[in-house]
1. Determine whether the stretch 122-143 contains at least one residue that is within 24 Å of residue 56 (Cα to Cα) and not in a strand (DSSP E or B).
2. Exactly one of these conditions fails for residue 78: (1) closer than 30 Å to residue 45 by Cβ; (2) not in a helix (DSSP H, G or I). Give me its number.
3. Conditions first: (1) farther than 24 Å from residue 147 by Cβ; (2) under 16 Å from the mean Cα position of the chain (by Cα); (3) not in a helix (DSSP H, G or I). Residue 46 passes all but one, so which condition is the exception?
4. Can you go through 49, 80, 100, 107 and tell me which one is modelled with pLDDT under 90 and in contact with an Asp or Glu (Cβ under 8 Å, 6 or more places away or on another chain)?
5. Filter the stretch 139-160 down to the residues that are in contact (Cβ under 8 Å) with a residue 40 or more places away in the chain and over 22 Å from the mean Cα position of the chain (by Cα) and list them by number.
6. State all residues of the stretch 116-127 that are surrounded by 13 or more Cβ atoms within 10 Å (Cβ to Cβ) and free of Cβ contacts under 8 Å to residues at least 60 places away in the same chain; if no residue qualifies, say none.
Amino acid sequence: MKPRPRQPRRQRGFSLIVSLILLVLVTLVAVASMRTVSLQSRMSATTYDRNLAFQAAEAGLRGAEALAAVATEASFPASDCAGGYCAQPAPADPARWMNDGFTGWQDSAVAVSAGAATPGTIIERNGEGDNWAGCGQQIPREPNCRTPRYRVTGRSTADGRATVILQSDVATQ
C-alpha cells in the first residue's frame, strides 16, 4: 500500500497580517516625513524671501537717506507726494506707508541683489526740530539750533511673498 500523502496544515495567515501592519506603519512614517520636509522647505523659502526683501529695503533706505541729507525746501511739494518726496502729513492723516493704495513710492536707484525687487522709497518732511536739549529756550536763538527733519521709508517685496518696510528719521545740518 502506498503511503498516503499528508494533508497540508491549514494556514492561518498570521504572517500576512503582520506584514500588512508593518507596511501601514512604514507608510505612515514616510508620509509624516514628507510633510515635515515640505514644511521645512517652505519655511526656508520664506526666510530667504524675507532676507532678500530686507536687504533691498535697507539699500533703498540708505539711498533715500543720502537724498534727504541734501534735500532743499524746493524738493518737497506743497501737498501729497511727487518724485518720492512728500509734504508734511497732517496729524490726523493715516500713515502713507501703511496704505495699500498709496502710489507715491519712488523706485530706488541703488543696486540690489539678484532676485530682489527694486525697493520703493519716500522722504516725508517732518518740520523742524531742536538739535540739542534746550536750544529752543535760548535767547537770542542760535542760527543752527533748529534744522529740518525728514522721515525716510524704504519698502521692498520679494516675489510677492515677503514685504519689509524700514524707516529712519534724518536731521540735516
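The values are calculated or read from the model by the stated rules, or taken from the named source; none is laboratory data. Here the structure is a predicted model, which means the values were calculated and not measured. Counting neighbours? That spans all protein chains shown, and the Cβs are built from the backbone with ideal geometry, glycine included.
1. First, the residues of the stretch 122-143 that are within 24 Å of residue 56 (Cα to Cα): 122-125.
In the following step, the residues that additionally are not in a strand (DSSP E or B) were identified as none.
No, there is no match, as no residue in the stretch 122-143 is within 24 Å of residue 56 (Cα to Cα) and not in a strand (DSSP E or B).
2. Here residue 78 clears every test but (1).
3. (3)
4. Details: 80 fails: in contact with an Asp or Glu (Cβ under 8 Å, 6 or more places away or on another chain); 100 fails: in contact with an Asp or Glu (Cβ under 8 Å, 6 or more places away or on another chain); 107 fails: in contact with an Asp or Glu (Cβ under 8 Å, 6 or more places away or on another chain).
Going through 49, 80, 100, 107 in turn, just one is modelled with pLDDT under 90 and in contact with an Asp or Glu (Cβ under 8 Å, 6 or more places away or on another chain): 49.
5. Taking the stretch 139-160 as the starting set, the residues that turn out to be in contact (Cβ under 8 Å) with a residue 40 or more places away in the chain are 148, 150, 152-159.
148, 150, listed by residue number.
6. Kept after step one, since they are surrounded by 13 or more Cβ atoms within 10 Å (Cβ to Cβ), are these residues of the stretch 116-127: 116-126.
Within the stretch 116-127, 122, 123, 124, 125, 126 meet the criteria.
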